[in-house]
Structures are given as structure tokens and as C-alpha cells.
Amino acid sequence: MTGPATPLLRLTSVSVAFGALRAVDGVSLAVAPGERRAIIGPNGAGKTTLFNAIAGEAAVTGGAVSFGDKDVTRLSAHRRAQLGIGRTFQITNLFGGLTVEENLRLAVRGLTRRKFAILSNGTPRGAEALAVESALDHSGMIARRSVLTRTLSYGEQRQLELAMALAARPKLLLLDEPAAGLSAAERTRMAEVISALPRDLTLVLIEHDMDLALKLVDSVTCLHFGRVLVEGNPDAIRGNAQVQEVYLGTPRHA
Ligand SMILES: Nc1ncnc2c1ncn2[C@@H]1O[C@H](COP(=O)(O)OP(=O)(O)OP(=O)(O)O)[C@@H](O)[C@H]1O
Ligand SMILES: [Mg+2]
């Protein structure tokens, strides 16, 4: 029997409410294994809240989230991470006095600053070392492995955030504005790094810079007031009048 591959991620009428506000309001979408999807939409559209619902950091008030063939709607964020749902760590989860590589070793062990982990002096075992090498490689940070985290440039810190997420060996990686606050040169670098990520890693990426986002993905979901406004491939999104209206804003001097 042949048919479309089971989506890696499927949301069915997912809602997240904060009091009377439905930040995410009945969102359904499916992301195939290996697909790269952008989530776009104006400020407050519900993009980050949607990520939180996927990663298990926001309780859904309706609908279901499945990952592979598993319903993860009621699972903790920790359990979802173990299953392979990854997201970028905030830089505040890093130890500034440790090197890039040492921070990655902690990430591989599933330890973050929150848990006050103590760095072991032992040599990392095979699998652990491989995961660290892979994360350094795919984040473009190999040359910076021995540098203290607190001395990294802002762009490098954002690359390290990506490396930290990769170190946990996710199947699905959620990137919330990976290029936010970066200079033009750093954005270009980040785009190159994301483009070069392994093709079997499924990516869902929130990005305000439309040009950047559309270059990196196979498909786009545009959210507006917590709902899916339009979904399509980058070309369709580029030419979509509704997207231009809500996302780019109508031109002032029409
Ligand atoms: N913890 C919370 N409690 C109450 N309201 C919240 C909470 N988190 C988000 N919101 C509200 O939910 C709505 C969606 O917020 P969200 O951060 O998901 O938007 P976003 O699309 O990521 O926006 P941005 O592009 O500015 O990052 C906003 O109105 C926001 O103020
Ligand atoms: Mg956001």
C-alpha cells in the first residue's frame, strides 16, 4: 500500500487561551518528515504560543498535538523533548564561564542551567562525543569550540543556541526567530547555517523577515489572530494579497 507519509507533526484544531484571549484559535496543520515550514504572521498572531503548545510549554485548551503516531497533547515538555521535539534554548541557559564545547556536552546529557548540573571531568563517551561534534559542525561553531561562551559575539551566541538544540538530537526542531537582532552579515551566516542543516531534520521556523524565511523553507503557514490565514509554498505566499495586507502592511503611499 502506498500513500502520503504520516506527518511527523500534526495539530488538530489546537487552541490555547489566556483568559478570554484565544492566542491560538483552532489551528490545524501537518508537517511531513524532512519538511521545512515557516510560521509567519504579525506581532501577537500567536506564533510563539503555537510553538509552546507543540513543545508542551503551554497547555492546550482544545484540540490535539501528535508527533509521529503518538498523541503528545498531555505529555510534559520534558517527555516531548525525549521523543524528539527540540527547540532553541535561551542564551540564559548557558554557562558563560564554560566553553562552547563544555556547554554542548551538558546539552547532550540533557542538562541545563536550570538543573544546576555539575560538569563531570570525565571524557565523554562515544555517542556523547559524536553528538557534540555533530552539533558543532551543523551550527558552524567548530572553530569556536574552545572559546568561553561569554566572549562570543551575539551572532555566535545565536548559533550556539542552535547547537544546543541540535545536541539533544531532535527529529523536529522549532526555531523561534533565529535571526532576530542579528546584523545583516550575521543574518546571512545564520541563513547559511540553517540551509545546511541535515535534510532529514524537520524544521519549523518562526521568522519576521519574509525574504529570509521564504528562502529557507518548503512551505509557509501564515497566522493571524491565532488562526491559519493562508498556507502554501513560498511562491504562493509571496504573491498572496491577504498575506501582504496583514503581514507586510498596506503601503502608506498607495
Ligand atoms: N503567558 C501569556 N499570558 C497572557 N497572554 C499571553 C501570554 N503569552 C502570550 N500572550 C498573548 O497571546 C497573544 C499571542 O502572543 P504570541 O507571543 O504567541 O505572539 P507572536 O505571534 O509570537 O508575536 P511576536 O511576533 O511579537 O513574537 C498576544 O496577544 C500575547 O500578548
Ligand atoms: Mg513570538
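No value in this document is a laboratory result; all are computed from the given coordinates. Keep in mind the model is a prediction, meaning the values are calculated, not measured. Please note: Cβ atoms are built from the backbone with ideal geometry, for glycine as well, and neighbour counts cover all protein chains shown.
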Most mobile listed residue (LEU83, LEU130, LEU50) in the chain, GNM with C-alpha springs under 10 Å: LEU130
Work from the charge dipole of the chain (Cβ charges, +1 for Lys and Arg, -1 for Asp and Glu, about the Cα centre) and give the residue of VAL14, THR188, ALA236 farthest towards its positive end. VAL14
Ranked from fewest to most other Cβ atoms within 10 Å of their own Cβ, TYR154, TYR247 fall in the order TYR154, TYR247
Taking amide hydrogens as modeled 1.01 Å from N in the peptide plane, which residues meet the under 5 Å criterion relative to VAL16, leaving out close sequence neighbours? ALA23, VAL24, ASP25, GLY26, THR61
Out of VAL228, VAL243, VAL147, any idea which swings most in a Gaussian network model of the chain, alpha carbons joined below 10 Å? VAL147
Among beta bridges assigned by DSSP with both residues in region 120-234, the antiparallel ones amount in percent, to the nearest 5, to 50 percent
Final fewest-first order of PHE67, PHE225 on the 10 Å Cβ neighbour count is PHE225, PHE67
Cα-based shape type of the chain, given that a ≥ b ≥ c are square roots of the gyration tensor eigenvalues and the cut on a/c is 1.5: prolate
If HIS208, HIS224 are placed from fewest to most neighbouring beta carbons inside 10 Å, the sequence is HIS208, HIS224
Would you look at the GNM of the chain, springs on alpha carbons closer than 10 Å, and say which of SER66, SER76, SER183 moves the most? SER183
